[in-house]
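Data block below; observations after.
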Amino acid sequence: MATDETDPQLKALLSLAGSLGASDARMLAPEAIRVEEALADLCKPPGCGNYGLAPGCPPHVSGPTGFRQLQRRAVAAVAVRLIAPAEALLSCQRTDIMRLLHEITAGVEQAAVDAGYEKSKAFAGGSCKKIFCDDQPACRQLPEGGICRYHPHARPSMSGFGINVSELMK
């Protein structure tokens with residue numbers, strides 16, 4: 001399969017991201033995504049209060065090492081941008097914004113799988129526990145391995161993999 005933006009299947013993924021609410025979506029080479037150990041370390045206590053609360057956050061994710069393995073196997077990456085005012089991200093609107101980001105990336109992931117990119121993986125910002133299940137005492141998947149309440153939408157957090165989101169958005 002071709003990996004450039006002229007490939008109809010990949011163009012369709014970019015278009016889908018926009019129709020789902022993304023401000024922008026771009027195709028990039030997987031190796032263009034910067035991964036830094038120090039960024040993933042910020043998820044460890046006392047840095048993040050969500051540490052260990054969700055399967056998409058450390059210590060339940062493979063971190064930078066696992067993400068680099070995915071990068072080596074990937075043929076293309078889709079970066080999705082969701083522009084929101086800073087004041088909204090610092091308010092109670094943050095949850096809705098981050099939920100939308102999870103839903104967009106999950107939709108693009110499913111479309112990629114349906115288009116033949118069977119091993120596609122989507123990542124989003126923030127802990128799915130905080131975004132989707134903040135009103136629940138615990139995640140169903142942890143510790144008993146139950147079914148996620150929001151499996152179609154919840155995606156692992158980019159932070160736990162050390163993805164440099166600031167660089168990615170440039």
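Quick check: is even one residue across segment 49-64 surrounded by 13 or more Cβ atoms within 10 Å (Cβ to Cβ), outside any loop (DSSP other than H, G, I, E, B), among the β-branched types (Val, Ile, Thr) and at pLDDT 95 or above? Checked against the condition, which is being surrounded by 13 or more Cβ atoms within 10 Å (Cβ to Cβ), outside any loop (DSSP other than H, G, I, E, B), among the β-branched types (Val, Ile, Thr) and at pLDDT 95 or above, segment 49-64 yields no hits at all.
Within segment 147-155, the presence of at least one residue that is hydrophobic (A, V, I, L, M, F, W, C) and either in contact with a helix residue (DSSP H, G or I) (Cβ under 7 Å, 6 or more places away or on another chain) or buried (at least 22 other Cβ atoms within 10 Å of the Cβ) (or both) is confirmed.
Contact annotation: residue pairs with Cβ atoms under 8 Å, 6 or more positions apart or on different chains, pairing a residue in segment 14-25 that is farther than 10 Å from Val108 by Cα with a partner that is surrounded by fewer than 13 Cβ atoms within 10 Å (Cβ to Cβ) and not polar (S, T, N, Q), are Ser23/Ile83; Asp24/Ile83.
Filtering segment 84-91 for residues that are under 16 Å from the mean Cα position of the chain (by Cα) and either open to solvent by 70 Å² or more (accessible area, probe 1.4 Å) or among the hydroxyl-bearing types (Ser, Thr, Tyr) (or both) leaves an empty set.
Within segment 68-127, the residues that satisfy the criterion of being of a type in the set (Ser, Thr, Tyr) and over 20 Å from Leu20 (Cα atoms) are Ser91, Ser127.
Of everything in segment 92-114, what is open to solvent by 100 Å² or more (accessible area, probe 1.4 Å) and either within 15 Å of Ala12 (Cα to Cα) or part of a helix (DSSP H, G or I) (or both)? Give them in sequence order. Matches in segment 92-114: Arg94, Asp96, Asp114.
Of the numbered conditions (1) open to solvent by 80 Å² or more (accessible area, probe 1.4 Å); (2) without any contact (Cβ under 8 Å) to a residue 60 or more places away in the chain, Gly125 satisfies every one except a single condition; which is it? Among (1) open to solvent by 80 Å² or more (accessible area, probe 1.4 Å); (2) without any contact (Cβ under 8 Å) to a residue 60 or more places away in the chain, Gly125 violates only (1).
Checked against (1) crowded, with 17+ Cβ neighbours inside 10 Å; (2) in contact (Cβ under 8 Å) with a residue 60 or more places away in the chain, Arg81 passes all but a single condition, namely (1). Please verify whether segment 107-125 includes one or more residues that are modelled with pLDDT under 95 and within 23 Å of Glu37 (Cβ to Cβ). So far as segment 107-125 goes, yes, one or more of its residues are modelled with pLDDT under 95 and within 23 Å of Glu37 (Cβ to Cβ).
Taking the listed residues Ala88, Ala79, the one that is among the small types (Gly, Ala, Ser) and part of a helix (DSSP H, G or I) is Ala88, with no other qualifying. Evaluation of Arg72 against the conditions (1) surrounded by fewer than 17 Cβ atoms within 10 Å (Cβ to Cβ); (2) in a strand (DSSP E or B) shows that the sole unmet condition is (2).
The values are calculated or read from the model by the stated rules, or taken from the named source; none is laboratory data. A quick note: this is a predicted structure, and the numbers were derived from the prediction, not measured. Glycine also receives a Cβ, built like all others from the backbone with ideal geometry; neighbour counts cover every protein chain displayed. Protein only, heavy atoms only, side chains kept; ligands, DNA and RNA dropped before computing areas. Shrake-Rupley method; radii C 1.70, N 1.55, O 1.52, S 1.80 Å.
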